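Read-outs throughout are calculated quantities, based only on the coordinates presented, and are distinct from any laboratory measurement. This one's a predicted model, so the numbers in the text were calculated from it and none came from an experiment. Here the Cβ is made from the backbone with ideal geometry for all residues, glycine too, and neighbour counts use every protein chain on show.
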Amino acid sequence: MHVPDGFLNLPTSIATGVVAAGGIAISLKLAGKEFVDDRKAPMVGIVATLIFASQMVNFPVGAGTSGHLMGGALAAVLVGPATAVLCLSVVLIVQAFLFADGGITALGTNITLIGLVTVFVGWGVFRLVMRVLPGRRWAVAVASALGAFLSVPAAAAVFVGLFAIGGNVSVPLDTVLAAMLGWHAAIGLGEAIITALIVSAVLATRPDLVYGAQFERAPRVTAGVLA
């Protein structure tokens, strides 16, 4: 979903740039609370590298846009939502300046969509699902998958809203809507599967490194029986 230069008008690009800068500033303040253990520092680098590699695989979805895995929910569950925003922001900045993947003037838009929307929608869904499910270890992977699945079309929907407000190219809004939501629903399914597999693999080997694992609930004992 890397938005190119000129796809949105200047006022909209500036507005999303302000939103992105605010999100990064807040995340910088909150990320320290997610790092209570220095052993988790290497996980941040691994997550950033994984997301960078997955986002570099792009394919066209029509209406002048492209699609790819985003990784917001995955990063949030593994390293925490604030740290995830910083990871994704760094990845998007490197991609824009060194690989011309996403426009420079659209950097704020891309950070808002991929670095903020996917992270917070994915994390919000994850926390909600963890409150509903039993809270066992398998539930962490399931909640991660659902968060990933919904975060992708959510970001696509926000983009369509931005295009409706400040679209700067002669592409019909219904064409953009159909292309973005249709394809990104499919991308969300793939992202859900990959997220569940990766989270499950890390939980199986190093559950202490999964930030979202802290929301597991210990089994309740009722009348001598595990509940």
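Classify region 109-220 from the C-alpha gyration tensor, please: rounded if a/c falls under 1.5, else prolate or oblate depending on whether a/b exceeds b/c. It is prolate, given that a/c is not under 1.5 and a/b is the larger ratio. Here's how it looks for LEU8: its modeled amide H is under 5 Å from those of ASN168, which are all 5 or more places away or on a different chain.
Please identify the helices of the chain, taking whole runs of DSSP H, that span at least 30 Å along their own axis as judged from the Cα atoms and have a mean Kyte-Doolittle score of -0.5 or higher.
Details: long enough: 10-34 (35 Å, 0.99); 137-166 (44 Å, 1.78); 173-205 (46 Å, 1.65).
Qualifying helices: 10-34, 137-166, 173-205.
The packing ranking of peptides 187-193, 96-102, highest mean first, is 187-193, 96-102, where packing means the average number of other beta carbon atoms within 10 angstrom of each residue. Under 25 °C and 0.890 mPa s, how fast does the chain diffuse according to Stokes-Einstein, given a Kirkwood radius computed over C-alpha pairs? Answer in µm²/s, whole number. Translational diffusion coefficient: 138 µm²/s. Sequence-ordered 3J(HN,Hα) estimates for region 103-112 from the Karplus curve with 6.51, -1.76 and 1.60 and θ = phi - 60° stand at x, 5, 6, 9, 4, x, 5, 5, 5, 4 Hz, glycine and proline given as x.
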